[in-house]
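*Asks:* The structure is given below, and queries will be raised subsequently.
All of the numbers you see were taken from the coordinates with simple rules; none came from a lab. This is a predicted model, so every value here is computed, not measured. Counting neighbours? That spans all protein chains shown, and the Cβs are built from the backbone with ideal geometry, glycine included.
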Amino acid sequence: MLRLAIQSKGRLNEESTALLREIGIDIDDSRRKFLSQAPNFPLELLYMRDDDIPQVVASGTAALGIVGLNEVEERGFDVQVVAKLGFGGCRISLAVPKGADYGGPQWFAGKRIATSYPRILKRWLQEQGIEARIEVITGSVEIAPAADIADAIFDIVSSGGTLVSNGLREVEKVFFSEAVLISNGQLTPDQQQVLDEMLFRIGSAQVSRHKKYILMNLPQAAVEEATRILPAMRSPTIMPLAAEGWCSMHSVVEEADLWDKIRQLKAIGAEGILVLNIDKIIP
Ligand code: ATP
Ligand code: MG
C-alpha cells in the first residue's frame with residue numbers, strides 16, 4: 001500500500017484527482033475524508049493543505065505527494081521530484097510599484113520585500129549579492145506596498161492580472177514552478193513497483209495529451225505527399241478502399257497543428273476526414 005498526499009482544496013486539487021482518474025485510479029471524493037482508499041489500485045489518498053505536503057512526505061507519513069515545486073523548494077525538506085506533471089504552472093517574481101525607476105536587481109538593495117517565500121527569495125538575493133529586508137507575510141502579499149509594509153513584493157504570478165490591478169510591475173522572474181510528484185526515496189520494493197506503474201501510466205497520459213487521431217480517404221496517388229504532411233509515430237497506417245484508386249489513411253497529429261494539416265490534406269484531395277480523441281498512447 002502506498003500513501004499519496006494531495007491538496008484537499010485549492011488550485012491543485014482538481015487537476016491532481018483528474019490526473020489520477022486519467023491513469024485509471026478511481027477516487028471516491030464524494031464524501032471527502034482525511035484519508036481514502038482507491039478501490040482499484042493499491043493507493044491511499046491523504047488530503048491536506050499544500051504547505052504540509054513536503055513535510056509529511058519527508059517524514060514518511062505519506063510515501064508520495066503531489067505539490068507545487070515552489071512549496072518543495074520553499075519548505076526545504078529532503079524529498080525527491082519523481083515526475084513533473086505539467087499543470088499548476090506559475091512563477092515567483094519580484095514586482096515593484098508601477099512608477100518605480102527600476103534599473104536592475106540593485107534597486108532592491110536596502111529595500112523591504114514582502115513575501116510568503118522567504119527561503120527562495122533569500123537565496124536569490126544572496127546570488128545577486130544584494131542585502132534587503134524580507135518581510136514575511138502569508139496571504140495578500142500584493143497589497144503590502146500600498147499598505148506601506150514593503151517597497152516591493154516577491155509573489156506567485158500566473159497571468160500577471162493581480163499585479164496590474166494592484167499598481168505593480170513584474171521586474172524579475174525568479175522561480176518557475178509546476179505541480180510535481182514527490183517521494184521520500186524510502187519505498188519498499190513492493191511500493192516502488194506501484195510507483196513505477198504509476199509513472200508508466202503518467203508517461204503515456206502525457207504523451208497522448210494534445211494529440212488527436214485523424215483518418216481520411218485519400219486518392220492513392222496522394223499517399224506519398226500525405227505521408228510527408230503526417231509523419232505519425234512510425235509511419236501512417238494505409239488501408240485500401242473498395243473503390244479503385246482510393247485508400248484510407250490513419251495517423252496521429254498534434255492538436256496545435258491540426259487545422260494546418262487538415263488544410264494541406266484537403267489540398268491534395270483528402271475527403272471524409274475524421275478527427276478523434278485519443279485516450280492513451282503506449283509508445
Ligand atoms: P492551501 O489551503 O492548500 O494551503 P494555498 O492557498 O496555499 O492552499 P493555492 O492558491 O491553492 O494554495 O495554490 C496551490 C499551488 O498552485 C501553488 O503553490 C502553486 O504551485 C500553484 N499555482 C498555480 N498558479 C497559481 C497562482 N496564480 N496563484 C497561486 N498559486 C498558483
Ligand atoms: Mg498553502
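*Asks:* Could you pull out every residue, at least 5 positions away or on a different chain, whose amide H is within less than 5 Å of the one on Gly89? Hs are placed 1.01 Å off N in the peptide plane, and Pro or chain starts have none.
*Replies:* It is Ala179, by chain and number.
*Asks:* Using Cα-Cα distances under 8 Å and only pairs 6 or more residues apart, what relative contact order does the chain have, in percent?
*Replies:* 19
*Asks:* What lysines could a cross-link reach from Lys33, if we take a straight Cα to Cα line under 16 Å and drop same-chain neighbours fewer than 8 places away?
*Replies:* Straight-distance partners of Lys33: Lys9.
*Asks:* Taking just the C-alpha trace of the chain, give me its Rg and Dmax in Å.
*Replies:* 24.9, 80
*Asks:* Could you tell me how far the Cα centroid of the stretch 161-198 sits from the Cα centroid of the stretch 235-250, in Å?
*Replies:* 45
*Asks:* Using Stokes-Einstein with the Kirkwood hydrodynamic radius over Cα pairs, what translational diffusion coefficient do you get for the stretch 17-142 at 10 °C and a viscosity of 1.306 mPa s, in µm²/s rounded to a whole number? Don't jump to the answer; show the numbers that get you there.
*Replies:* Working: Rh = 17.5 Å.
My calculation gives 91 µm²/s for D.
*Asks:* Next question, about the same structure. Given a cut-off of under 8 Å on Cα pairs at least six residues apart, what relative contact order in percent is computed for the stretch 90-177?
*Replies:* Details: 166 pairs, mean separation 43.4, N = 88.
Answer for the stretch 90-177 is 49 percent.
*Asks:* Expressed in nm to one decimal, what extension gain is obtained for the pair Gln186 and His210 from 0.36 nm per residue of sequence separation less their Cα-Cα distance?
*Replies:* Values: separation 24, 0.36 × 24 = 8.64 nm, distance 3.42 nm.
Value of the extension gain: 5.2 nm.
*Asks:* Follow-up question, since we're still on this one. Could you sort the peptides 150-158, 227-235, 70-78 by per-residue average Cβ neighbour count (10 Å cutoff), highest mean leading? Numbers along the way, then the final one.
*Replies:* On the way: 150-158: 22.2, 227-235: 13.3, 70-78: 18.0.
Descending mean neighbour count gives 150-158, 70-78, 227-235.
*Asks:* Also: Report, ordered by chain and residue number, the aspartates and glutamates lying within cross-link reach of Lys212, taken as a straight Cα distance under 17 Å and ignoring same-chain residues fewer than 8 apart.
*Replies:* List returned: Glu22, Glu254, Glu255, Asp257, Asp260, Asp279.
*Asks:* Taking every alpha carbon pair in the stretch 134-227, what does the distance histogram look like in 5 angstrom bins from 0, in percent?
*Replies:* Spelled out per bin, shortest first, that is 2, 8, 12, 11, 8, 7, 9, 11, 11, 9, 6, 3, 2, 1, 0.
*Asks:* Let me ask you something else. Using Cα positions and a limit of under 30 Å, work out the lysines in reach of Lys98, with same-chain residues fewer than 8 apart set aside.
*Replies:* Excluding near neighbours in sequence, the set is Lys111, Lys122, Lys173.
*Asks:* I'd like the distance between the alpha-carbon centres of the stretch 64-101 and the stretch 1-42, rounded to an integer number of Å.
*Replies:* Comparing the Cα centres of the stretch 64-101 and the stretch 1-42, I get a distance of 22 Å.
*Asks:* For the stretch 210-277, what are the per-bin percents of Cα-Cα distances with bins 10 Å wide, up to the bin holding the maximum?
*Replies:* Computed distribution, short to long bins: 23, 61, 16, 1.
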